[in-house]
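Read-outs throughout are calculated quantities, based only on the coordinates presented, and are distinct from any laboratory measurement. Since the model is a prediction, treat every value here as computed from it, not as a measurement. Here the Cβ positions follow ideal geometry from the backbone for every residue, glycine too, while neighbour counts run over all protein chains shown.
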Amino acid sequence: MDHAGTTAQALRHFHRLDDLNDRQIEDVLDLASRLKRGVSRPDLAGQTVGLLFFRPSLRTRTSLEVAMHQLGGHTVNLNAASDFWELEARDNRLMDGVVPEHIKDAAAALSCYVGSIAIRPALLGKSWAVDRKDEQICSWMQHSRVPVINMESALWHPLQALADLLTLRESLGELKGKKLTIAWTQSPTPSSPAVVHSILMAALRSGMDVDIAHPMGYELDGDVMAQAETMAEKNNSTLESGLGLEEAASGSHVIYARSWWGLENYGQPSLSAHQNSRAGNWCVDDRIMDAGEDTRLMHSMPIRRNLEVTDRVLDGPRSLIINQAANRLHTQKSLLSLLLRQ
């Protein structure tokens, strides 16, 4: 059996990038590059992926639907707000409330219809200690009889990480020893740190040095940072956090801009809004870009122009955001091919 077949058999679920070993990541990125150049055409005719969205999506939904279509397969697209109902994730519950079905039963039923289930789970948004457990996606993985793909949980966004890795490699070539700056940016609607956690671990795993710029109170998840420190030590990379924007950008090859919640006030809207208003100006502009070494700009989008990053940077030659978005299609086609190909 060829290695691609072995890779597909070995990958059961895709919750985080660590579910792929180093060889599997190389396989996904290599096939994605070939797909992008049009020199490889894997066939998933007759395969179906169920897409379950408990939160809105633009790029993830569209890129996955187009990916399966171009591979000859199909998607079934379900939205929690309109197509079905809330599901119970916890086991051994007396279900006498408003929730009519357990994930255990929904997963078993859907497993009869589709070859894989891709899920963007809901966030309760009340306690980071609760949401960071990723209970919904873990329950689906436990009970599904087919592979489950995480389309962004509270803690991880591995599909974005694959596209980001491809974009970094296309732009920088060899990543080991290059510097990535993760820059917190101002936004009235910050996101979960899932994207940031994922690119942090992906970059360190590739041997990059990483600086994280953020105001006080916007530290990333403690357990994730402990994993990141271990990864940095393993790969002889440097990792610094809590820096100012210009300091972190100094000598950087890529600035990855992203707004994320302050986890200490997670689930407390008034405190979070107050904290956000006091953070000051954290916008990536020409001055910040010029602090690096021929620095490129990445952002997973959506992006608030002239608040997170200026128009001049976003529309200039150093911006990689459109190529980054385009690579979602190619890396997801590759992942689906390796996951579902018989």
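Points worth noting:
- Lysine pairs with alpha-carbon atoms under 29 Å apart, the chain, spacing 8 or more or separate chains: 15
- Rounded to whole Hz, the Karplus (6.51, -1.76, 1.60) HN-Hα couplings of segment 250-257, x for glycine and proline: 4, x, 7, 8, 9, 9, 9, 8
- Convex hull (Cα only) mean projected area of the chain, reported in nm² to one decimal: 17.4 nm²
- Integer Hz, Karplus 6.51/-1.76/1.60 couplings in order for segment 266-271, x for Gly and Pro: 4, x, 10, x, 5, 5
- One way to sum up the overall shape of segment 158-325 is the equivalent ellipsoid from its Cα gyration tensor, whose semi-axes run 23, 19, 14 Å, largest first.
- Close amide H contacts of Tyr256 (hydrogens built in the peptide plane, cut-off under 5 Å, sequence separation of 5 or more or a different chain): Thr181, Ile182, Ala183, Met298.
- Percentage relative contact order, segment 11-120, counting C-alpha pairs under 8 Å, at least six apart: 29 percent
- Burial order of peptide ranges 109-120, 139-150 (average beta-carbon count within 10 Å, highest first): 139-150, 109-120
- Shown for Leu124, Leu165: other C-beta atoms within 10 Å of each C-beta, ranked fewest to most, produce the order Leu124, Leu165.
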